[in-house]
Amino acid sequence: MSEPVIKIEGLRFSYGSKEVLRGVDLEVPAGSIFGFLGPNGSGKTTTIKVLLGLLKAGAGVCRIGGLDSQKDVMAVRRSVGYMAEDQQMFGWMRVEQIVRWVGSFYPGWDEKFVQELLDFLELPRKSRVKTLSKGQNSRLALLLALGHRPKVVILDDPTLGLDPIARKDFLRYVIGLLQSNQVTVFFSSHLLYEIEPVADYVAILKDGVIAKAGKTDELRQSVKKILLRGAGDIELGSIAGILDVAGIGERIALTIEDYSQAKQEAIEKASKCAIVDEVDLNLDEIFEAYIIGNRGQRVQV
Amino acid sequence: MEVLIIFIRIEPSSPVPIYRQIIDQIRYQIATGVLKEGDQVPSVRQLAGELAVNQNTILKVYNQLCAEKILKIERGSGTFVAAGKQNIPVAERKRIVAKLLREAAVQAIHLDVGLEQAKEQLEKEYEAIKLLKNKTGAR
C-alpha cells in the first residue's frame, strides 16, 4: 500500500480536565472512502478539528496529505476540503455571492469547475442561502469544500438532519464526484447503515480510542454471533475478542470478533458447551456490539 | 446499443453483504430472463451512482460474475450478459445449488416442514421461474 493520506498516531486531546481523545491511531489509504464512526460525543468532531489544525493536540502526530496538521495549518486548510458539522453560512447572501466570497480565500479556486458544480448539484445561483432546503444547503456546503479541487475531503457528519432521499442523493454525489476523481474522502457519521454502502474502510471510535478499524466487508465477515447450549456458571476465560455475552434461556449468545475454526474449538473447550448455531450480523448489530457490548468473561445460565 | 437499467434493491438491515445482495439479484434476473445473453449492463460508475454504492463494491460484483462467466467485459464497448451457466462445470453448478438448498433444508427442519412438502415447494418455485422466463423471453 502506498503512503496513507491521513495518518494519526497516539493522538490525545482534553477539554480542560476532561480527556476526550486517549490515544487515537488511524490510517486512511489514498483514494479510499473512509467511514469514521462513533456514537454522539465519542470525539469524532474533535479528532477532525485536530486533524485540520483547528485545535491543538495534547500529544501525538497528525499528518494529512504529507503535511503536519499542527505546524502547517494554512497549507492544510488550502489543500484539504472541509465540510463542518451543521455548517453555518450567511443566510442573507445569494448562492453565487457566497461561492465568490469563499473562493476569494483560496489561491487555487477553480471558477470553471465551480460553475459546473453549481449545475451538477442543481443549486439555484440567485437564491438566498436562508431560502435553501436542507438538502440544497448541504450540497452548497459540499461545493464550498470542493471549489479549490482538494485531493482530500473531510466531511463531518454531512447528512445530519437530511431526510432519507436527500441523504442518498448526497452519497450519490460523493461517489460520483469524489470517488470518480480519486479524491480521498474521510467521512464521519453515527449511522452505520449509511456508511456501509459507500465506505471502503471503517473505523469505530469509542471512549476516545479506535475500537476497531478495517475494510468494511472484512469487518462484516470477521464478527459473528454464535449460540452455545449449556447450563450453569460458564467461564469463557482466555477467549479473546468477545464483544458481547448474553444468556437467553438455556443458551448463550456470544458476539465475537476474528471468528475462525480455531476460535470455535477454543470456545467449545473453555465453556464445555456445544455451539448450536452461527449467525451473520448486519453492520448495525456489529457496531452495537463494539459500542455497548457486555464484555464479561463469565455468564450464568 | 441500449444499456439496460437494472433494478436492484439494497436492504441495509440485511446480514447479507451488499456485494452479495447485488450478485444474487443479477443472477436472479438472468435466471428469470429479465436479463438476456448479449444485453449490455451499466458501467461500474453508472451502477455505483444509481445505487449510491461504492464503485469498488460494484467492481467486485462484476469481477466475480465475469469469473463465473455470467458477465463478460468487452474492451472498449462495455459489460454484457454472457452465455453464463453453460460455461460452469456441472460439478460446480451442483455445488452452488447444493449450498443454497442446505439453507432451505435447515429452515424446513426448523419449521417442521416435511421433505415431501419441501420437494413440492421446490418444484413449484422451479416451474414458476421457468414460466416467468418463457414469458419474458417472448418480449
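All of the numbers you see were taken from the coordinates with simple rules; none came from a lab. Every value quoted in this text rests on a predicted model; they were computed, and no experiment measured them. Here the Cβ is made from the backbone with ideal geometry for all residues, glycine too, and neighbour counts use every protein chain on show.
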Computed [θ] at 222 nm, deg cm²/dmol, chain B (DSSP H ≥ 4; -39,500 (n - 2.57); rounded to nearest 500): -19000 deg cm²/dmol
Stretchable slack from A:GLU85 to A:VAL209, in nm (0.36 nm times residue separation minus alpha-carbon distance): 42.6 nm
Fewest-first ranking of B:LEU65, A:LEU155, using other Cβ atoms within 10 Å as the exposure measure: B:LEU65, A:LEU155
For chain B, built as a Gaussian network whose Cα springs stay under 10 Å, the top-fluctuating residue of B:GLU120, B:GLU68, B:GLU37: B:GLU120
Value of relative contact order over chain A, rounded to a whole percent, pairs C-alpha under 8 Å and six or more apart: 19 percent
Shielding by partners - mean other protein chain Cβ count within 10 Å, residues of B:55-62: 3
The range A:32-155 - percent relative contact order, Cα under 8 Å, separation 6 or more: 29 percent
Once exposed loop GluC sites (Glu not before Pro) are cut out (DSSP; at most 12 other Cβ, 10 Å), longest piece of chain A: A:123-249
Equivalent ellipsoid, the range A:156-273 (semi-axes from 5 times Cα gyration tensor eigenvalues, Å): 38, 15, 12
DSSP-defined antiparallel bridges as percent of all bridges, the protein assembly as shown, nearest 5: 70 percent
Chain A - mean residue ellipticity at 222 nm from DSSP helices (-39,500 (n - 2.57) per run, n ≥ 4, rounded to 500): -8500 deg cm²/dmol
The range A:232-269 residues near the modelled A:ILE292 label - backbone nitrogen below 18 Å, point 7 Å along Cα→Cβ: A:243-248, A:253-256
Residue order, fewest to most beta carbons within 10 Å, for A:MET74, A:MET83: A:MET74, A:MET83
Label point distance in nm, A:ALA240-A:ASP284, each placed 7 Å from Cα along Cα→Cβ: 3.2 nm
Label-zone membership for the range A:170-201, site B:SER43, 7 angstrom Cα→C-beta point, backbone N under 20 Å: A:172-184
Stretch in chain A that is longest and holds no chymotrypsin sites (Phe, Trp or Tyr not before Pro) that DSSP places in a loop and that have at most 13 other beta carbons within 10 Å: A:106-301
Evaluated over the protein assembly as shown, the Cα radius of gyration and Dmax, each in Å: 25.3, 75
11 Å beta-carbon shell around A:VAL129, net charge (K/R +1, D/E -1): +2
Contact order normalised by residue count of the range A:223-300, Cα under 8 Å, 6+ apart, percent: 48 percent
A:GLU218 paired with B:GLU103, simple spin-label distance in nm, labels 7 Å along Cα-to-beta-carbon: 2.5 nm
Neighbour-count order for A:LEU52, A:LEU191, B:LEU115, fewest beta carbons within 10 angstrom listed first: B:LEU115, A:LEU191, A:LEU52
